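Following: one structure in structure tokens, then a few remarks.
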2 protein chains.
Amino acid sequence: MTTTATLLLQPVDACCAPAGEDALDASQAEDVAKVFKALGDPTRVRLLSLIAASPTGEACICDLTAPVGLSQPTVSHHMKQLVDAGLATREQRGKWAYYRADFAALTASSRALNPA
Amino acid sequence: MTTTATLLLQPVDACCAPAGEDALDASQAEDVAKVFKALGDPTRVRLLSLIAASPTGEACICDLTAPVGLSQPTVSHHMKQLVDAGLATREQRGKWAYYRADFAALTASSRALNPA
């Protein structure tokens with residue numbers, strides 16, 4: 001069937017535009033929700049905020065435990081979720097892991113949800 | 001103590017800037033995480049995307065159930081979470097509830113996390 005024929009077969013007397021033509025499909029929504037889910041926890045929000053607010057743009061895990069009052073393994077676990085969601089990058093230097101915030105995934109997810 | 005005296009008492013030989021001076025505090029992080037948590041679910045992402053993509057900028061709950069393949073009570077429950085997080089507004093018209101997306105809370109939360 002040609003494109004023209006397909007278009008002509010659309011119901012021209014429908015009362016409304018078809019819902020959701022430009023909306024995210026299920027797979028896209030999964031990707032977007034994954035990013036937001038990683039930020040749906042106050043501790044992870046604080047950790048990312050602490051890293052982003054650091055004068056050097058990065059933070060050693062050794063400096064992240066005290067502000068949130070949690071053990072290093074717990075902070076590591078939260079940071080892994082942020083890294084997995086693409087919201088932070090991790091670099092091992094000797095004994096310590098250093099993190100940088102990466103807001104590209106958040107910007108992309110927000111734009112996908114609200115392209116306007 | 002005067003502001004000047006307070007400033008003079010800061011350790012001037014500290015190796016680094018104090019971590020997290022501009023970072024979100026625990027209460028602010030709670031507010032921000034609440035918004036992101038509401039979007040940390042693929043169904044809610046699709047619902048908000050469907051509403052935002054609607055030509056009229058709003059959607060009747062009666063038009064939201066089919067695209068996500070869920071019952072009306074389930075969709076209502078998801079929509080309540082979006083409304084509670086400030087991401088959508090709800091208006092009852094006769095039998096049906098109509099929703100509009102409101103991205104101000106998402107924008108504010110993203111900016112709070114990344115003021116740069």
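Every read-out reported here was derived from the displayed coordinates using simple, explicitly stated rules and does not represent laboratory data. Not measured: the values here are computed from a predicted model. For neighbour counting, all protein chains shown are included, and Cβ atoms are generated from backbone atoms with ideal geometry for every residue, glycine included.
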Qualifying residue in the range A:66-83 (condition: assigned to a strand (DSSP E or B) and either of a type outside the set (Val, Ile, Thr) or surrounded by fewer than 14 Cβ atoms within 10 Å (Cβ to Cβ) (or both)): no
Those residues of the range B:48-57 which are touching a residue at least 12 places away in the same chain (Cβ under 8 Å) and surrounded by fewer than 17 Cβ atoms within 10 Å (Cβ to Cβ), in sequence order: B:Gly57
Residue match in the range A:102-116 (condition: within 12 Å of A:Leu47 (Cβ to Cβ) and in contact with a strand residue (DSSP E or B) (Cβ under 8 Å, 6 or more places away or on another chain)): no
Per-region count, the range B:84-116, residues within 30 Å of A:Pro55 (Cα to Cα), buried (at least 17 other Cβ atoms within 10 Å of the Cβ), of a type outside the set (A, V, I, L, M) and in contact (Cβ under 8 Å) with a residue 24 or more places away in the chain: 2
In the range B:89-116, the residues that are within 12 Å of another protein chain (Cβ to nearest Cβ), part of a loop (DSSP other than H, G, I, E, B) and of a type outside the set (A, V, I, L, M): B:Asp102, B:Phe103, B:Asn114, B:Pro115
In the range A:48-79, the residues that are at the interface with chain B (Cβ under 9 Å from one of its Cβ atoms) and among the hydroxyl-bearing types (Ser, Thr, Tyr): A:Ser49, A:Ser54, A:Thr56
Residues of the range B:34-47 classified as outside any loop (DSSP other than H, G, I, E, B), in contact (Cβ under 8 Å) with a residue 12 or more places away in the chain, within 7 Å of chain A (Cβ to nearest Cβ) and more than 12 Å from the chain's Cα centre (by Cα), total: 1
